[in-house]
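Student: If you scroll down you'll find the structure; I have some questions about it.
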Amino acid sequence: MADRRRADAFVPLRALTVPALAPEAALAEIRRLYFRTSEKTIERDLSQAVALLTRLASEEDRERATVYMEGLTEMRKEWAPQSGGRGQGAGSRKKKPRTPD
């Protein structure tokens, strides 16, 4: 039975490679993501845009997507929580020592 599990777990490398995408289709989708993203969807949309960008075959095509990628990144920065970083909640600030009156 152990041998059968091993055989079932085999995945050919050819199945792991992602084919290049038609440049115009990828750029159109990245552009669509840029114009339709919102504060709620920015993380998902940026991830999808990066996945599309990595499937573009040529550097020239990737450069054409730069303006949209930079725009998505800038939106994510603007919409990021303004908490001041990890561990900076209201109860974690250092208190000033009390001075005698």
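Readers should treat all values here as calculations from the given coordinates under stated rules, not as data from a laboratory. Just so it is clear, the structure is predicted and the values come from calculations on it, not from any experiment. Ideal geometry is used to build each Cβ from the backbone, glycine not excepted, and the neighbour counts take in all protein chains shown.
Student: Measuring from label point to label point, each 7 Å out along Cα→Cβ, what is the Thr73 to Arg36 span in nm?
Tutor: According to this spin-label approximation, the distance is 2.4 nm.
Student: May I ask you to derive the relative contact order of the stretch 18-79, considering only C-alpha pairs under 8 Å and at least 6 residues apart, and to give it as an integer percent? Don't skip to the answer; put the middle values down first.
Tutor: Numbers: 49 pairs, mean separation 28.8, N = 62.
46 percent.
Student: At a temperature of 4 °C and a viscosity of 1.567 mPa s, determine how fast the stretch 18-79 diffuses translationally according to Stokes-Einstein, using the Kirkwood radius over alpha-carbon pairs as Rh; express D in µm²/s, rounded to the nearest whole number. Walk me through the intermediate numbers first.
Tutor: Working: Rh = 11.5 Å.
In µm²/s, the coefficient is 113.
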